[in-house]
Amino acid sequence: MGNKECPNGVAIPPPQPFMKSLKYSLKETFFPDDPLRQFKNQAASRKVVLALQYFLPICEWGPRYTLRFLKSDVIAGITIASLAIPQGISYAKLANLPPILGLYSSFIPPLIYAMMGSSRDLAVGTVAVGSLLMASMLGKEVNYIHNPQLYLHLAFTATFFAGVFQASLGLFRLGFIVDFLSHASIVGFMGGAATVVCLQQLKSILGLERFTHHADLVSVMRSVFSQTHQWRWESAVLGCCFIFFLLITRYFSKQKPKLFWVSAMAPLTSVILGSLLVYFTHAEKHGVQVEGIAVGRSFAMFKNYHIDGNKEMIAIGTMNIVGSFTSCYLATGPFSRSAVNYNAGCKTAASNIVMAIAVMLTLLFLTPLFHYTPLVVLSAIIVSAMLGLIDYEAAIHLWKIDKFDFLVCISAYIGVVFGSVEIGLVIAVAISVLRVLLFVARPRTFVLGNIPNTGAYRNVEQYPNAKHIPGMLILEIDAPIYFTNASYLRERITRWIDEEEDRIKASGLNSLQYVILDMTAVANIDTSGISMFEEVKKIVERRGLQLVLVNPGSEVMKKLHKAKFLDEIGQRWVYLTVEEAVAACNFMLHTYQPNPKKDESGGGWNNV
């Protein structure tokens, strides 16, 4: 069946079967990238191979792997291992878990990701914010000092369910849910979390024995300044020196990108230097606390433990599920480590395998050397990494560009710093969703005017030279029309009409005769939106005005036609462009009586 047309050339799409429309909508919602396209017109055996390559990308790039790739991946893997080892130990400490778990989490999960991950550059491991969330949430249920075994079990259980949740989001194509976190809220949340992490490190930097279990700024400051008599200057000086060293190496690497390995090696260098310093000077007797990983006891405890975003979620979820059974806690793809992996010239995900092997060798042969690692060095590593997450430049940019986005950012930041990580996360999500709802529930409407000597009609606020057309109010609706905004649009259109009539009355111009709605940006409409149009039609008719529609989209035209609204308004009052609508209305103004409703012949200007 061909398309029907209104008298003025606006097409009415042919009706589609319900199941076909539903299938199209579901495909656009869950499969916008059309991942099944590669399976079309393929033999059954080929489909099996493609499915295997889809879920296990290593089956795709593995057969094409070369020695040249191996050389690059070995260099990249060793480089990120030098960063992963000290960070793994530091972040496990942040999560109140045995440091060796940080190394486990940089061993098993990277192997799983290397097989299932689609990114060549992502370097897998623990992250500070995830570790902080783990400590914050589990700490409310059990004290890790009084009941470490239960705390460990809860950590592994939380990791398991986090993996299940991530894999489920990917498997059911629900990755778009993550998009509800706006960039502004992420900047604020990450900055707040980084600030909280830095504050927590004051315990080790100042050499304090007791410290608050709360993460908010007020509790931390109270804990710090109530123990000024216990501050150890030796630990503070050592911590500041290592923080300065780490920040200088990062700055140096940013200035000279080819020397990326300088900042990558800095954390491990700090651990080695700090351990040597403690060993030769017996600094632990002067307020510098050591790690004392107690490798033997740790192994005894654990040895018997029985860029398709959706694909990435499946891979990361699976590696956390597997990791939870192998004494690993929450792992993902840290940005800093991935950036080092990229700069190191990795070619495939095999760099994660090289990193895992390096971590395994460390677990087997080198962990006793960490006995003398000063806690203050680990704190310095954490602080230097966290300072990079406090993106004040992004916050300043938000302030300059969009004050509301800045408000979102600073609200999330304050929620984390003065409340808790959970409060900050809830605020970040809530404000992001609220903003989406505001965009939907309060769409923008504009008065359009004619740009002199052109056929273009633009927002009169944006283009002060745009001229109002006598006898006509031209409005643009800038969003789909749903039940959430239908009432608002009805009231706003009525208000625009009132304001236009007041303007005309004050200037002594001809009375208002036509209300023209430019619907180019209205992609869809529901039954509430159609009811709104019916009400607006009645309102304008009571005032002796004529409602005119311009360029409704295909979905809108289809629904207006099915609802018989086009017949109610008269199909001759639907036009392709604002220019055509204005020309038609001008013709009517100069041909008929001022009140267009007096012409009920149905012929309009086309029939005169």
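The values are calculated or read from the model by the stated rules, or taken from the named source; none is laboratory data. Fair warning: this is a prediction, and the values are worked out from it, not measured in the lab. Please note: Cβ atoms are built from the backbone with ideal geometry, for glycine as well, and neighbour counts cover all protein chains shown. In case anyone asks, the SASA skips ligands and DNA or RNA and just uses the protein heavy atoms, side chains included. Shrake-Rupley method; radii C 1.70, N 1.55, O 1.52, S 1.80 Å.
Would you please list the contacts, defined by Cβ atoms under 8 Å and residues six or more apart or on different chains, that run from a residue in the stretch 444-464 that is within 13 Å of MET519 (Cα to Cα) to a residue that is open to solvent by 80 Å² or more (accessible area, probe 1.4 Å) and part of a strand (DSSP E or B)?
Short answer, once both residue conditions are applied: LEU448/ARG458.
Could you tell me whether any residue of the stretch 337-351 is farther than 28 Å from LYS71 by Cβ and modelled with pLDDT under 90?
Kept after step one, since they are farther than 28 Å from LYS71 by Cβ, are these residues of the stretch 337-351: none.
No, every residue in the stretch 337-351 fails to be farther than 28 Å from LYS71 by Cβ and modelled with pLDDT under 90.
Hey, could you check the stretch 250-270 for residues that are hydroxyl-bearing (Ser, Thr, Tyr) and within 22 Å of LEU202 (Cα to Cα) and say which is most open to solvent (accessible area, probe 1.4 Å)? Lay out the reasoning, then the answer.
Going residue by residue through the stretch 250-270, those that are hydroxyl-bearing (Ser, Thr, Tyr) are 251, 253, 263, 269-270.
Then drop every residue that is not within 22 Å of LEU202 (Cα to Cα), which leaves 269-270.
Working: THR269: 50, SER270: 0 Å².
So the residue we want is THR269.
Being open to solvent by 30 Å² or more (accessible area, probe 1.4 Å) and more than 19 Å from ILE78 (Cα to Cα) is the filter here, so list the residues in the stretch 117-126 that pass it.
Residue satisfying the conditions is SER118 alone.
For the stretch 472-503, which residues satisfy the criterion of being in a helix (DSSP H, G or I) and not charged (D, E, K, R)? Steps first, please.
Looking only at the stretch 472-503, we keep the residues that are in a helix (DSSP H, G or I), and these are 486-503.
ALA486, SER487, TYR488, LEU489, ILE493, THR494, TRP496, ILE497, listed by residue number.
Within the stretch 196-217, work out how many residues are within 29 Å of the chain's Cα centre (by Cα) and open to solvent by 60 Å² or more (accessible area, probe 1.4 Å). Quick ask: steps written out before the conclusion?
Initial filter on the stretch 196-217 (within 29 Å of the chain's Cα centre (by Cα)): 196-201, 214-217.
Narrowing the set further to residues that are open to solvent by 60 Å² or more (accessible area, probe 1.4 Å) leaves 214.
Within the stretch 196-217, residues that are within 29 Å of the chain's Cα centre (by Cα) and open to solvent by 60 Å² or more (accessible area, probe 1.4 Å) number 1.
What pairs come up if the first residue lies in the stretch 400-417 and is among the acidic types (Asp, Glu), the second is open to solvent by 70 Å² or more (accessible area, probe 1.4 Å) and at pLDDT below 90, and their beta carbons are under 9 Å apart, counting only those six or more places apart or on different chains?
Correct list of pairs: ASP405/HIS183.
What is the residue count in the stretch 27-63 for residues that are among the polar types (S, T, N, Q) and under 27 Å from the mean Cα position of the chain (by Cα)? Working first, answer last.
Going through the stretch 27-63, the residues among the polar types (S, T, N, Q) turn out to be 29, 38, 41-42, 45, 53.
Then keep just the ones that are under 27 Å from the mean Cα position of the chain (by Cα); that gives 29.
Count: 1.
Quick grid of which residues meet (1) at pLDDT below 80; (2) outside any helix (DSSP H, G or I); (3) basic (Lys, Arg):
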position: VAL262; (1), (2), (3): yes, no, no
position: LEU268; (1), (2), (3): yes, no, no
position: VAL271; (1), (2), (3): yes, no, no
position: ILE293; (1), (2), (3): yes, yes, no
position: HIS306; (1), (2), (3): yes, yes, no
position: ALA315; (1), (2), (3): no, no, no
position: MET319; (1), (2), (3): no, no, no
position: THR326; (1), (2), (3): no, yes, no
position: LEU330; (1), (2), (3): no, yes, no
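Can you name the number of the only condition in (1) within 30 Å of GLY102 (Cβ to Cβ); (2) among the hydrophobic types (A, V, I, L, M, F, W, C); (3) loosely packed, with under 14 Cβ neighbours inside 10 Å that VAL48 fails?
So VAL48 meets the others, but not (1).
Within the stretch 538-546, does at least one residue satisfy the condition of being over 30 Å from SER25 (Cα atoms), touching a Phe, Trp or Tyr at 6+ places or on another chain (Cβ under 7 Å) and either aromatic (Phe, Trp, Tyr) or not in a helix (DSSP H, G or I) (or both)? Outline the logic, then answer.
Filtering the stretch 538-546 for residues over 30 Å from SER25 (Cα atoms) gives 538-546.
Those left that are additionally touching a Phe, Trp or Tyr at 6+ places or on another chain (Cβ under 7 Å): 545-546.
Subsequent filtering for residues that are either aromatic (Phe, Trp, Tyr) or not in a helix (DSSP H, G or I) (or both) retains 545-546.
Taking every residue of the stretch 538-546 in turn, at least one turns out to be over 30 Å from SER25 (Cα atoms), touching a Phe, Trp or Tyr at 6+ places or on another chain (Cβ under 7 Å) and either aromatic (Phe, Trp, Tyr) or not in a helix (DSSP H, G or I) (or both).
Out of LYS598, LYS564, report the one residue that is within 28 Å of ASP526 (Cβ to Cβ), open to solvent by 80 Å² or more (accessible area, probe 1.4 Å) and either modelled with pLDDT under 65 or not acidic (Asp, Glu) (or both). Spell out how you get there, then give the answer.
Working: LYS598 fails: within 28 Å of ASP526 (Cβ to Cβ).
Being within 28 Å of ASP526 (Cβ to Cβ), open to solvent by 80 Å² or more (accessible area, probe 1.4 Å) and either modelled with pLDDT under 65 or not acidic (Asp, Glu) (or both) holds for just one of LYS598, LYS564, which is LYS564.
Go through (1) buried (at least 18 other Cβ atoms within 10 Å of the Cβ); (2) of a type in the set (S, T, N, Q); (3) under 30 Å from LYS559 (Cβ atoms) for SER411 and report which single condition fails.
With respect to (1) buried (at least 18 other Cβ atoms within 10 Å of the Cβ); (2) of a type in the set (S, T, N, Q); (3) under 30 Å from LYS559 (Cβ atoms), SER411 is out only on (3).
Give me a count of the residues in the stretch 506-519 that are part of a loop (DSSP other than H, G, I, E, B) and closer than 19 Å to CYS585 by Cα. Step through it out loud before you land on a result.
Taking the stretch 506-519 as the starting set, the residues that turn out to be part of a loop (DSSP other than H, G, I, E, B) are 508-513, 519.
Filter once more, keeping what is closer than 19 Å to CYS585 by Cα: 509-513, 519.
Residues that pass the stated criteria total 6.
Can you go through GLY508, GLY455 and tell me which one is of a type outside the set (Asp, Glu), over 20 Å from VAL548 (Cβ atoms) and modelled with pLDDT under 90? Even if it seems obvious, please write down each step before you answer.
Numbers: GLY455 fails: over 20 Å from VAL548 (Cβ atoms).
Answer to the check: GLY508.
What number of residues in the stretch 193-218 are modelled with pLDDT of 80 or more and within 16 Å of ALA135 (Cα to Cα)?
Residues in the stretch 193-218 being modelled with pLDDT of 80 or more and within 16 Å of ALA135 (Cα to Cα): 11 in total.
Tell me which of these THR332 doesn't satisfy, since it passes every other one: (1) more than 25 Å from GLY163 (Cβ to Cβ); (2) in contact with a strand residue (DSSP E or B) (Cβ under 9 Å, 6 or more places away or on another chain); (3) of a type in the set (S, T, N, Q).
(1) is the only condition that THR332 fails.
With respect to ASN352, determine if the residue is among the polar types (S, T, N, Q), open to solvent by 60 Å² or more (accessible area, probe 1.4 Å) and more than 22 Å from HIS213 (Cα to Cα). Spell out how you get there, then give the answer.
Details: among the polar types (S, T, N, Q): yes; open to solvent by 60 Å² or more (accessible area, probe 1.4 Å): no; more than 22 Å from HIS213 (Cα to Cα): yes.
When the stated conditions are applied, ASN352 does not pass them.
Taking ARG495, is it out of contact with any Pro (no Cβ under 9 Å at 6 or more places or on another chain), of a type in the set (Lys, Arg), closer than 20 Å to ARG542 by Cβ and surrounded by 17 or more Cβ atoms within 10 Å (Cβ to Cβ)?
Numbers: out of contact with any Pro (no Cβ under 9 Å at 6 or more places or on another chain): yes; of a type in the set (Lys, Arg): yes; closer than 20 Å to ARG542 by Cβ: yes; surrounded by 17 or more Cβ atoms within 10 Å (Cβ to Cβ): no.
Considered against the rule, which asks whether it is out of contact with any Pro (no Cβ under 9 Å at 6 or more places or on another chain), of a type in the set (Lys, Arg), closer than 20 Å to ARG542 by Cβ and surrounded by 17 or more Cβ atoms within 10 Å (Cβ to Cβ), ARG495 comes out as no.
Answer yes or no as to whether VAL142 is open to solvent by less than 60 Å² (accessible area, probe 1.4 Å), in contact with a strand residue (DSSP E or B) (Cβ under 9 Å, 6 or more places away or on another chain) and aliphatic (A, V, I, L, M).
Details: open to solvent by less than 60 Å² (accessible area, probe 1.4 Å): yes; in contact with a strand residue (DSSP E or B) (Cβ under 9 Å, 6 or more places away or on another chain): no; aliphatic (A, V, I, L, M): yes.
No, not satisfied.
Can you name the number of the only condition in (1) outside any loop (DSSP other than H, G, I, E, B); (2) modelled with pLDDT under 75; (3) surrounded by 14 or more Cβ atoms within 10 Å (Cβ to Cβ); (4) of a type outside the set (Asp, Glu) that PRO7 fails?
Unmet condition: (1).
Can PRO109 be described as surrounded by 15 or more Cβ atoms within 10 Å (Cβ to Cβ), farther than 19 Å from ALA264 by Cβ and touching a strand residue (DSSP E or B) at 6+ places or on another chain (Cβ under 8 Å)? Explain how you work it out, then say what you get.
Values: surrounded by 15 or more Cβ atoms within 10 Å (Cβ to Cβ): yes; farther than 19 Å from ALA264 by Cβ: yes; touching a strand residue (DSSP E or B) at 6+ places or on another chain (Cβ under 8 Å): yes.
Considered against the rule, which asks whether it is surrounded by 15 or more Cβ atoms within 10 Å (Cβ to Cβ), farther than 19 Å from ALA264 by Cβ and touching a strand residue (DSSP E or B) at 6+ places or on another chain (Cβ under 8 Å), PRO109 comes out as yes.
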